[in-house]
Amino acid sequence: MQIVLLGLSQPRMQELTTVLAQALAPVLTGFSLLTPDKAEEWKPPPLPYRIMLFSSKHQENCTAVWRHTLILRGLPFQVIQTSDAAWVKQCLQALLPLESVKGMRCQDVPARWQGACETCSDPDCERRLFSGLLQG
């Protein structure tokens, strides 16, 4: 599988590529990381591939150009929007099966509540429920 990383400056992208390659190597076989730098000249790789678009307030113009290019070409992509320190963690969660990510100290998926909410009235529970629904 080819993993395409877009939206960051080349120095940041190289740093991310190095760290991500080290993190993926033990759990994902046969992958390569691509970091194209010009949206106009880029052509998507042959299948299978995953496109990860990084969104950062420092690189908003670059992200917008890549987003526009991907949408115009009808290509599927996933947006990683977080701080520098969490980019690798977010990539791993997006790329790997849940079983692989659990051992990497990533956030677990919360269990769905099966009780009777109508009689509960716990404000913390309601806050978590609605926050989870809004986050998708």
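Taking the condition of being at pLDDT 80 or above, in contact with a helix residue (DSSP H, G or I) (Cβ under 8 Å, 6 or more places away or on another chain) and not acidic (Asp, Glu), how many residues in the stretch 28-45 meet it?
Number of matching residues: 6.
Given (1) in contact (Cβ under 8 Å) with a residue 24 or more places away in the chain; (2) within 18 Å of the chain's Cα centre (by Cα), where does Ala21 come up short, assuming only one miss?
(1)
Is one or more of the residues making up the stretch 49-59 assigned to a strand (DSSP E or B), modelled with pLDDT of 80 or more and open to solvent by 70 Å² or more (accessible area, probe 1.4 Å)?
Scanning the stretch 49-59 turns up at least one residue that is assigned to a strand (DSSP E or B), modelled with pLDDT of 80 or more and open to solvent by 70 Å² or more (accessible area, probe 1.4 Å).
Could you tell me whether any residue of the stretch 72-82 is modelled with pLDDT under 80, open to solvent by 60 Å² or more (accessible area, probe 1.4 Å) and over 25 Å from Gln135 (Cβ atoms)?
no
Is it the case, given these coordinates, that Cys62 is at pLDDT 60 or above, more than 18 Å from Ser32 (Cβ to Cβ) and either among the polar types (S, T, N, Q) or open to solvent by less than 50 Å² (accessible area, probe 1.4 Å) (or both)?
yes
Residue-wise test of (1) touching a Leu at 6+ places or on another chain (Cβ under 8 Å); (2) surrounded by 14 or more Cβ atoms within 10 Å (Cβ to Cβ); (3) at pLDDT below 85.
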| position | (1), (2), (3) |
| --- | --- |
| Met13 | yes, yes, yes |
| Thr18 | no, no, no |
| Pro26 | no, no, yes |
| Leu47 | no, no, yes |
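Of the conditions (1) touching a helix residue (DSSP H, G or I) at 6+ places or on another chain (Cβ under 8 Å); (2) more than 13 Å from Met1 (Cβ to Cβ), Met52 clears all except one; give me its number.
(2)
Among the residues that make up the stretch 46-59, is at least one of them over 17 Å from Pro11 (Cα atoms) and more than 18 Å from the chain's Cα centre (by Cα)?
Yes, because at least one residue in the stretch 46-59 is over 17 Å from Pro11 (Cα atoms) and more than 18 Å from the chain's Cα centre (by Cα).
The values are calculated or read from the model by the stated rules, or taken from the named source; none is laboratory data. Everything numeric in this text was worked out from a predicted model, so none of it was measured. Every residue, glycine among them, receives a Cβ derived from its backbone with ideal geometry; neighbour counts consider all protein chains shown. Please note that ligands, DNA and RNA were not included when accessible areas were found on the heavy atoms of the full protein model with its side chains. Shrake-Rupley method; radii C 1.70, N 1.55, O 1.52, S 1.80 Å.
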